[in-house]
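Sharing a structure below in structure tokens format, with a few things to ask.
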Amino acid sequence: MTSPGTLHVVGAGLAGLAAGVAAAKAGTRVVLHEAAGHAGGRCRSFLDERLGRVIDNGSHLVLGANRTALAYARATGGIEAMVAAPPAFPFIDLISGKSWTVSPKRLPAGIGEIFKALGLPWTGKAETVASRLGNTPSFTRLWLPMCEAIMNTAPDEASARMFAWTMRKALLGGSDALVPWTFPAGLSAALVAPALATLALFGAETHFRRRLKALRPDALVFDDAEVPLTSADRVILALPPWVVETLLPGSTPAAMPTRPIVNAHFRCAQPVELPHGSHFLGLVHASGHWLFARGDVLSVTVSAAGALVDLDNESIADRLWDEIRRALGMPPIAPPPYRIMKEKRATLAHDPATVVARPGPVTGRDGVFLAGDWIASPWPCTIEAAICSGLAAARLALARPGLTF
Ligand SMILES: Cc1cc2nc3c(=O)[nH]c(=O)nc-3n(C[C@H](O)[C@H](O)[C@H](O)COP(=O)(O)OP(=O)(O)OC[C@H]3O[C@@H](n4cnc5c(N)ncnc54)[C@H](O)[C@@H]3O)c2cc1C
């Protein structure tokens with residue numbers, strides 16, 4: 001085994017945090033560098049002054065099938081700020097008014113459809129979710145919302161192979177695979193702050209407001225400092241693809257299209273309970289896809305939000321609030337104070353071409369590795385993909401294939 005010297009992790013999203021935590025716990029000297037003034041990247045909480053509440057950039061859900069993400073949360077103690085609910089996914093159709101609950105024992109689909117969704121007996125590499133499942137009776141009430149939620153890509157362009165893989169993990173992954181884990185105290189309390197505390201505990205250094213501008217063989221050039229590299233040092237770039245491309249030209253595919261997610265957070269006059277005491281509610285025949293309740297804040301997520309992202313915030317709030325109040329049987333009242341969050345590059349577009357174009361973690365530069373949810377993985381761009389990629393990059397950088405959290 002080579003001596004790794006210092007491991008520099010650039011980017012403190014979940015991929016960078018995961019790489020840093022795994023390496024620091026294994027006894028490696030870790031230095032984490034982040035351009036923003038906070039960690040968490042696309043998965044973070046902040047105090048919204050207007051609402052007077054801590055909100056997330058977007059509501060996130062982790063499933064029991066996301067085993068590496070849960071291992072990371074257990075290793076840092078962040079799991080204490082997560083809640084596992086029974087595997088039941090309530091939905092309401094805003095046109096018919098009908099509601100139903102999807103659970104492992106109550107899948108509203110015939111066995112033939114389920115086999116198709118699982119990719120059986122075989123799925124072509126160019127097939128999309130719509131070409132495979134679009135004509136099935138359960139498309140609108142099951143496969144469409146699942147596809148948008150998991151892949152943040154419309155079914156007529158989403159890779160059927162990738163969708164089938166996630167369905168196999170969720171539906172065939174054992175009794176706990178469909179358990180939804182939520183974040184009642186916010187994403188940062190579970191996935192970010194405990195990781196930073198773990199890093200500090202194991203002697204890692206963390207630098208915020210430090211943007212990497214160039215990567216020389218002998219130094220990392222940040223906007224505020226130049227950090228020399230020795231031949232024993234290793235670097236993990238846990239950065240978005242367009243940033244990596246500026247640092248290592250030619251290392252990412254020419255086209256890595258992305259898709260937006262819009263979140264609207266409304267602060268209601270009092271705490272709101274969703275039907276059946278659930279933390280979330282799926283919306284069908286609506287612009288909003290998933291409604292989350294946290295105390296007096298109702299948040300709605302719009303995945304693959306191409307049609308919505310260019311509207312002004314007031315129009316978005318009006319439209320989404322109207323859907324919320326219809327779903328919850330509220331009278332026609334004006335939206336309460338709200339905050340609209342537009343993540344224009346929330347994830348990659350998971351179309352068949354982009355899915356296979358995702359590069360691996362090894363770069364053409366000795367000792368430099370890539371991490372991030374966009375790195376090649378059977379998982380779509382998710383918390384699980386980000387954390388798996390961070391762990392994989394740390395294993396390579398430290399030449400320790402068995403490294404865990
Ligand atoms: C609204 C929304 C909802 C989502 N919902 C879910 C969900 O329900 N379930 C799920 O599993 N996933 C969900 N995701 C996806 C999940 O958030 C991401 O997959 C994950 O957070 C990606 O982490 P990352 O570390 O790969 O990237 P990022 O979080 O993008 O981290 C990259 C980091 O690099 C930093 N950086 C950039 N340039 C530089 C530079 N030059 N120098 C130093 N630092 C730099 C950035 O500031 C950032 O902190 C959602 C994403 C969004 C946006």
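The values are calculated or read from the model by the stated rules, or taken from the named source; none is laboratory data. Source: prediction; values computed, not measured. Here Cβ is always computed from backbone atoms with ideal geometry, including for glycine, and neighbour counts include all displayed protein chains. Note: accessible area is taken over every heavy atom of the protein model, side chains too, but ligands, DNA and RNA are not part of it. Shrake-Rupley method; radii C 1.70, N 1.55, O 1.52, S 1.80 Å.
Restricting attention to region 11-29, does a residue exist that is without any contact (Cβ under 8 Å) to a residue 40 or more places away in the chain, in contact with a Leu (Cβ under 9 Å, 6 or more places away or on another chain), over 18 Å from LEU291 (Cα atoms) and in a loop (DSSP other than H, G, I, E, B)?
No; the residues of region 11-29 include none that is without any contact (Cβ under 8 Å) to a residue 40 or more places away in the chain, in contact with a Leu (Cβ under 9 Å, 6 or more places away or on another chain), over 18 Å from LEU291 (Cα atoms) and in a loop (DSSP other than H, G, I, E, B).
Quickly run through region 171-181 and pick out the residues that are surrounded by 19 or more Cβ atoms within 10 Å (Cβ to Cβ) and either under 16 Å from the mean Cα position of the chain (by Cα) or without any contact (Cβ under 8 Å) to a residue 12 or more places away in the chain (or both).
Of everything in region 171-181, just one residue is surrounded by 19 or more Cβ atoms within 10 Å (Cβ to Cβ) and either under 16 Å from the mean Cα position of the chain (by Cα) or without any contact (Cβ under 8 Å) to a residue 12 or more places away in the chain (or both), namely TRP181.
For region 30-51: of the residues being away from the ligand (no atom under 14 Å from the Cβ) and not in a strand (DSSP E or B), which is surrounded by the most Cβ atoms within 10 Å (Cβ to Cβ)?
Only one residue tops the list, namely LEU51.
Report, by residue number, each residue of region 244-297 that is outside any strand (DSSP E or B), β-branched (Val, Ile, Thr) and within 24 Å of the chain's Cα centre (by Cα).
VAL244, THR246, THR252
If you don't mind, there's one more thing I want to ask. What pairs come out if I take residues in region 233-251 that are more than 9 Å from the ligand (Cβ to nearest atom) and pair them with residues that are at pLDDT 95 or above and among the aromatic types (Phe, Trp, Tyr) whose C-beta lies under 6 Å away, six or more apart or interchain?
Here the result reads ILE236/PHE369; PRO241/TRP374, each pair linking region 233-251 to a residue that is at pLDDT 95 or above and among the aromatic types (Phe, Trp, Tyr).
Can you find even one residue in region 3-11 that is within 22 Å of the chain's Cα centre (by Cα) and open to solvent by 10 Å² or more (accessible area, probe 1.4 Å)?
Checked region 3-11: no residue is within 22 Å of the chain's Cα centre (by Cα) and open to solvent by 10 Å² or more (accessible area, probe 1.4 Å).
Do we have ALA197 as surrounded by fewer than 21 Cβ atoms within 10 Å (Cβ to Cβ), modelled with pLDDT of 95 or more and not assigned by TED's automatic domain parsing to the domain that holds ARG358 here?
no
Now for a different question. Any residue in region 82-105 that's of a type in the set (Asp, Glu): show its pairings with residues that are assigned to a loop (DSSP other than H, G, I, E, B) at Cβ separation under 9 Å, as long as the two are six or more apart or on different chains.
Partner pairs satisfying both residue conditions: ASP93/HIS285; ASP93/ALA286.
Check every one of the helices (runs of 4 or more DSSP H) wholly within region 304-405 and list those with 3 or more residues that are within 16 Å of the ligand (Cβ to nearest atom), of a type outside the set (D, E, K, R) and surrounded by 15 or more Cβ atoms within 10 Å (Cβ to Cβ).
383-398
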